[in-house]
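Computed from the coordinates by the stated procedures, all read-outs in this text should not be read as laboratory data. All values reported here derive from a predicted model rather than from experimental measurement.
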C-alpha cells in the first residue's frame, strides 16, 4: 500500500467518506467538510502511522490530500516499510 492509499483510507475512515472519492486534488476542508477537530485527528493519525511530528505551522499547509501525501513522503522515515 503506497502513501496515497494509506492516507486515503485513513481519511475515509475518519471522515466517513467513500475512499473512491478521494483524489490528490481533494480539498480536505471544502470537499469533505472537515472541521478543525478532524484536522487534529488527521495530524495525530499521520504522526502515529508514519512516525512524524507535525509542527502547528506545517498543519496550515496541509489543505489537499496531495499536500498531505507530499508532506509525509518528504518528512516520514519511509525506509521502515
- Message: Could you work out [θ]222 nm for the chain from helices alone, using -39500 (n - 2.57) per DSSP H run of at least four and dividing by all its residues? Round to the nearest 500 deg cm²/dmol.
- Response: -16500 deg cm²/dmol
- Query: Which one, (i) 1.16; (ii) 0.96; (iii) 0.92, gives Rg/Rh (Cα atoms, Kirkwood Rh) as derived from the coordinates shown?
  - Reply: (iii)
